[in-house]
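A quick write-up on the structure given underneath.
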Amino acid sequence: CAVKAAQVLSEIAKNEEMKQPCIEADLVPTLIPLLESTDQEMLLHAGRAIGRICYDNRNLQEELVKVGVITSLVRILTDYAESEPLVHVDLLALCNLAELDTAKEALSKTKVAEQMVKQLRRAENHERLEIVFEVLQALAENDALKVQLVEAGVQEVLSEILLRLQGSSQAEDTCILKAASDLIVSLLLGGNSSKTPHFFTFCKSPVLTLPCLPSSRFYDGLGVSLNLKFIIRLSLHDGNCVRMVQLGVIHQLLDLLEKHVESGDVSVQHAALSALRNLAIPVVNKVQMLEEGVAERIQALLRSEMPPVQFKLLGTLRMLTDGQADAAEILGQDPMLLNRLVQWCNANDHTGVHGEANRLLASILRHNRSQEVVKAIQEAQGVKHLVSMTTSEHAAMQNEALNALAIASAIDLETLEESFKESQLVQSLHKLLQDDNTSPEVKYNSMGLLCSLLNSGDLRQEIEEDKIKETLEQLCSHSNANVVKEAVTTLQVLKGET
C-alpha cells in the first residue's frame, strides 16, 4: 500500500491548508527514505508529496538538504533520465532547493552539472527548457558549479539553442533566448575562483563566438536591446573587455550607433554607449580605440538632443581621455565638440549632462600638454565653467577643476589671464581656503593653483588685494599636514622667497 499512500499524500499536499497538518504528522521524514526506492511510481508520488509539502518553506527545505535529499535527487536524475514524469518532478525539486547555499554546496559534490547539461540537450518543449534554465541559473551562482557546467559542455548546448532559435518572432522563443543569454553572462561574470571561466576561455568554439559578438546574425535572434545588455554585462570584467576589443566589437557597436542616431532609438544609443564606456576602461583598450578612430566616429552623436544619450556620450569620451594626452589633444582642438560642451555646461535643467560636460572639459585640460588646446578652450569660452566647477558641491569635481586649471596655467597662463579675472577665480579660491567645510585635498589643490597664478602680475595683485596672505598664515596651523606644507610653500612664493 505504500505507493498508493504516497499518491494520496501527494494529492492531499496540493491543498495549501493541508500542508501544516502533514508537517505536524511528521510525514516528510517518513517520505524521505522512499526516495531510495527502485520503484519509479513510488519515486514519483513520494517526490511530489515531499515537494508540495516543503514548497516555500525554507526551514523544511534546509532540513531536506541536511538529511541528504540532494544525493537522492541527483541519483534519480541519473538513473531515470528518460522518464519524463520523474525528471519533471526531480527538476522542480532542484529548482526549489538550488537557491539555498547549503544545497549548492551539496550539489557541487555530485555530478549534477553533467546531468543538467544532458537534460538541457534533450529538452524538447519550452516548459522543460524554462525549468532547466531556472535550475542552471541557480547553479551558476556557485563558482565550483560554474566550472563543472563548462567542463560538461554547457556552452556548446547554449550556442546550439541560440542558433536554432535565432530569427524567431515567437514570444516563447524570445524567453528562451533571453534565458540562454542570461545564463552565459552568469557563467562569465563574478566569482572568486581563479577557475571561473572568462570570455576568452568560455568561447572556445567558433559557433559560440557568434552570440558573444554583436553580429547581425545574433541580433536577428535576440533583438538589439537584449544583445546590448549581454555585451554590457560581459564588459564589466576587464579580461572580457580586452578580448572583445581584439575581436572587433567596437566597430560593430559604432556601426549600430550610427544606424540608430538617425532613427532616434534612444534605448539602443544609450545601451551601446554604456558598452563602449565599459570597454574604454582598460588602458590597453583606450590606446587601441583611439588608434582606430573611435573618438572621431563617436562624435556623430553630438547632435543628439536626448539627455540620456548626451550623458553616456560624455562619459564615454571622458573615459577615453583618461590618461591619454593624444585623445585630449584631438578632442581639445575640435571646435564642434568644444562648442557643444560649453552648451551642455549651461544645461542646468539636466544635472547629469551638466556635470559630465564640465568633467569632460576638465579631463581634456588635465591630460593635455598642448598650448593649442588651452587656446581652443579659451576661445570656446569654457574657462568660466571650470572656474564655476571649483565651487561644486562634490569634492571630486572641485579637485578635477582645480587640477585642470593648474595644468592649463602652467601651459599658457597669459592666454587664460583675462578669463580668470572676469570669472573671479582668485576670489573663489580664497573662499575655498576660508571655508571650514572645504576638504583638505581641495584646500591643497587650491593653493597649488594659487602658486601658478602668482606668475601673473595682475593676478598676483588681486591675490594681495584680497588679503589671501592672512588666510594662508592661518592654514599654517591646520590639522592636516599636507595643507600646512602647501600653505608654507604658497606663502614663500607669495613673498618671493622661492
Among helices (runs of 4 or more DSSP H) entirely inside region 213-270, those with 2 or more residues being at pLDDT 75 or above and farther than 19 Å from PRO308 by Cβ are 238-246, 249-263
Taking first residues from region 461-478 that are of a type in the set (Ser, Thr, Tyr) and second residues anywhere that are open to solvent by 10 Å² or more (accessible area, probe 1.4 Å), the pairs with Cβ under 6 Å that are 6 or more apart or on different chains are THR471/GLN434
So, first residue farther than 13 Å from LEU361 by Cβ in region 389-401, second residue modelled with pLDDT under 95 and of a type in the set (A, V, I, L, M), Cβ within less than 6 Å, six or more apart or across chains; the pairs are none
Log entry, pairs with first residue in region 294-307 being open to solvent by less than 10 Å² (accessible area, probe 1.4 Å), second being in a helix (DSSP H, G or I) and hydroxyl-bearing (Ser, Thr, Tyr), beta carbons closer than 8 Å, six or more apart or on different chains, reads ILE298/THR316
Of the listed residues (LYS375, LYS384), the one being more than 28 Å from PRO282 (Cβ to Cβ), touching a residue at least 40 places away in the same chain (Cβ under 8 Å) and basic (Lys, Arg) is LYS375
For ASP349, the lone unmet condition from (1) touching a residue at least 12 places away in the same chain (Cβ under 8 Å); (2) more than 29 Å from VAL488 (Cα to Cα); (3) of a type outside the set (A, V, I, L, M, F, W, C) is (1)
Considering residues that are open to solvent by 40 Å² or more (accessible area, probe 1.4 Å) and more than 19 Å from ALA380 (Cβ to Cβ), the number found within region 311-324 is 4
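Going by the conditions given, is LEU475 farther than 17 Å from GLN378 by Cβ, in contact with a Cys (Cβ under 9 Å, 6 or more places away or on another chain) and of a type outside the set (D, E, K, R)?
Answer is no for this residue.
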Selection from region 361-373 of residues surrounded by 24 or more Cβ atoms within 10 Å (Cβ to Cβ) and assigned to a helix (DSSP H, G or I) yields LEU361, ALA362, SER363, ILE364, LEU365, VAL373
With the first residue restricted to region 121-141 and required to be part of a helix (DSSP H, G or I), and the second required to be among the polar types (S, T, N, Q), Cβ contacts under 8 Å at 6 or more apart or on different chains are ARG128/GLN119; VAL132/GLN119; GLN137/SER186
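Among the helices (runs of 4 or more DSSP H) contained in region 280-345, which hold 3 or more residues that are modelled with pLDDT under 90?
283-291, 294-298, 307-321, 325-331
The values are calculated or read from the model by the stated rules, or taken from the named source; none is laboratory data. As the structure is a prediction and not an experimental result, all values here were calculated from the model. Every residue, glycine among them, receives a Cβ derived from its backbone with ideal geometry; neighbour counts consider all protein chains shown. Each accessible area value is taken on the protein alone, full model and side chains, heavy atoms only, with ligands, DNA and RNA left out. Shrake-Rupley method; radii C 1.70, N 1.55, O 1.52, S 1.80 Å.
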